[in-house]
Every structure is written in structure tokens, then in C-alpha cells.
Amino acid sequence: MRGTRHGPAVRRRKLGEELRGLRLAAGLTSRDAARLVGWHQSKVSRIETGTSGVTGADVARLLDAYGVREPRSRAALEALSGAADGGGAGWWHAYRGVLPPPYQDFISLEAQACRARTLETSVVPGLLQTAEYARAVTRAALDGVPPATVDALVRVRVARQEVLRADPPLRLEAVLDEAVLRRRVGGPEVMRRQLCRLLEWSRLPHVRLQVVPFARGEYVGLSGSFVIFSFPNTSDLDVVSLDHLTSSLYLERTEELRAYGAAFRTMQAQALSPEDTSDLIAGIGDGA
């Protein structure tokens, strides 16, 4: 299964690329590296291609062999192995029977991140949804799925929100299209309670909520929703997640990260201030 003990596949691939680069910079072949750490060459190759999990201790041994001593670099690379979460299976492991691998990867990234920047153009971000709103969205997106599966997916959606209550909590910056607030998902009462919940979340010091109003016209976010995850130690670990109906696409290249980061900053500048956003949400809620 992807995304548990050794972190999601997207981070394993990135770690493998980084380790391969350090090995080459040290002038070593994969056979040389294997000999230095006492492994079979195939293990080094599997780690570098991201097809095999690796522990924080394994990463440390390779970094010793490659002469990497700088603490910040070592911490960043060890974090890619999932060492920061203690090396154990995440809580979502209990739901592996109903969660597709891409969703497991997404939750794993979210659980390890220190910051998330998200744009949503159609629905309330999952981390801010009420259970009844989440149920309505899940039923619509997965028409025909058994009720027990819907119940499990709603529990997962609610459990994910614990990252906002953790110590330290995930820092969440969300930009929403006004359409998110206007669409009556689940009916008027469900939507009214969801808008009230948004106001509650927005009062937390680590949650920044902004809305791009219809009056702004066209803006870069019309191309689709995305999430940028950032991790402790270095921005080199950042990942952009693009969700599709049946899968997720992860972007990790430096130029892609810069482009999405710049786009998000532009949208924040175009959006209403957090204070004006709260006023808009309250006004729409009163009329829901």
C-alpha cells in the first residue's frame, strides 16, 4: 500500500532523485554506495527509483556514505522518508479498504505538512467541511456507492480536520471562489450551518480565509483547484496537488512550484481581505 510507513509515493520519488544526485556528486556508483552501507546494489537502485520505501535511519546511512554533513540538508532529506511522523502507519490506515491510493497519498502529505495553500472554485475545502456538507458532496461525487462506504468517507473527511487542532497546527490559507458560498450543497439548512462553520474556522489564528468575489471577473484560478503543501526544514519539499475525478496529479519541479506559488499570491491580492470575507460569508448565511 502506498502512503503509510514510508510516506507517499510522490515523496519517495523525490527522495530517490535527491539521493541519486548526491551519490553522483560524491563520485560513487550504485555498487560503491551499496558496498559502503552493506546492502545489495538492488536496494540502492530501488530507493533511487522510488519503488522501495526507506527509513530515516537508511537515509542517514546513505548521507554518511555520501559525505553530507550539513544538518539542514540531512533533516530535509530524512523528512522525505516520513521519519517526521514516527515511521508508523497513519490513522487513515484503518480505512485502506475504502480509500484509493491517491487519496491515501494526499492525506499523508496533509498530515506531514506544516502549511497548506488551497484554491477551491466549487466546494468548501475538505478541511473546513461539516459532516453533513461532506456527506452531500460525497454522495454527489460517488453516485451509487453503498451507504456504508459514504459513511466511512465522511468519517475520514472529519478526521482529517485534526491537523487544524494539532500542536502545532497546520497553517491553512484558503482562497475560495464566491461560487463556493453560493452553491446550496445539501440544501439551505446544511449550507447555512456550513457557512457558520466557515466563520468559526476563520477565527483561528492559523486559518486565513479569503474569497474572490464575482465582481473581480476572470482570474487565474478559473483554470482549476489546487493545493500547495509545504513541509518543515526547506521549501524544496513543497508539492502541488491537482485533483481529478479518479486520480491526483502531483507537481514537484521547481519551476512548477514557483508558478503555482506566484499564482496563489496573485489570487490572495485579488481576493477580499479576511475581514471582508467574513462579512460576505455572514451576509450570505443570513439569507441562506
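The values are calculated or read from the model by the stated rules, or taken from the named source; none is laboratory data. Not measured: the values here are computed from a predicted model. Here the Cβ is made from the backbone with ideal geometry for all residues, glycine too, and neighbour counts use every protein chain on show. Accessible surface is based on the protein model in full, side chains and every heavy atom, while ligands, DNA and RNA are left aside. Shrake-Rupley method; radii C 1.70, N 1.55, O 1.52, S 1.80 Å.
Things worth noting here:
- Strands (runs of 3 or more DSSP E) (entirely within segment 194-246) containing at least 3 residues that are modelled with pLDDT of 90 or more and within 21 Å of Ile284 (Cα to Cα): 207-212
- Test: residue in segment 212-234 that is open to solvent by 60 Å² or more (accessible area, probe 1.4 Å) and among the hydroxyl-bearing types (Ser, Thr, Tyr): yes
- Listed conditions (1) open to solvent by 40 Å² or more (accessible area, probe 1.4 Å); (2) hydrophobic (A, V, I, L, M, F, W, C); (3) at pLDDT 95 or above; (4) under 19 Å from the mean Cα position of the chain (by Cα) are all met by Phe264, apart from (1).
- Contact map, segment 268-285: residues that are under 19 Å from Pro205 (Cα atoms) and of a type outside the set (A, V, I, L, M) paired with residues that are open to solvent by less than 40 Å² (accessible area, probe 1.4 Å) and assigned to a helix (DSSP H, G or I), Cβ distance under 8 Å, separation 6+ or inter-chain. Pairs shown: Pro274/Ser202; Thr277/Ser202; Ser278/Leu199; Ser278/Ser202.
- Residue in segment 178-192 that is open to solvent by 10 Å² or more (accessible area, probe 1.4 Å) and either under 30 Å from Arg12 (Cα atoms) or within 22 Å of the chain's Cα centre (by Cα) (or both) present: no
- Exclusive hit being assigned to a helix (DSSP H, G or I), of a type in the set (D, E, K, R), open to solvent by less than 30 Å² (accessible area, probe 1.4 Å) and modelled with pLDDT under 80, set Arg11, Arg72, Arg23: Arg11
- Qualifying residue in segment 119-140 (condition: open to solvent by less than 20 Å² (accessible area, probe 1.4 Å), without any contact (Cβ under 8 Å) to a residue 60 or more places away in the chain, touching a Leu at 6+ places or on another chain (Cβ under 9 Å) and in a loop (DSSP other than H, G, I, E, B)): yes
- Identity of the residue in segment 31-51, open to solvent by 30 Å² or more (accessible area, probe 1.4 Å) and not in a helix (DSSP H, G or I), that ends up nearest to Gly16 (Cα to Cα): Thr51
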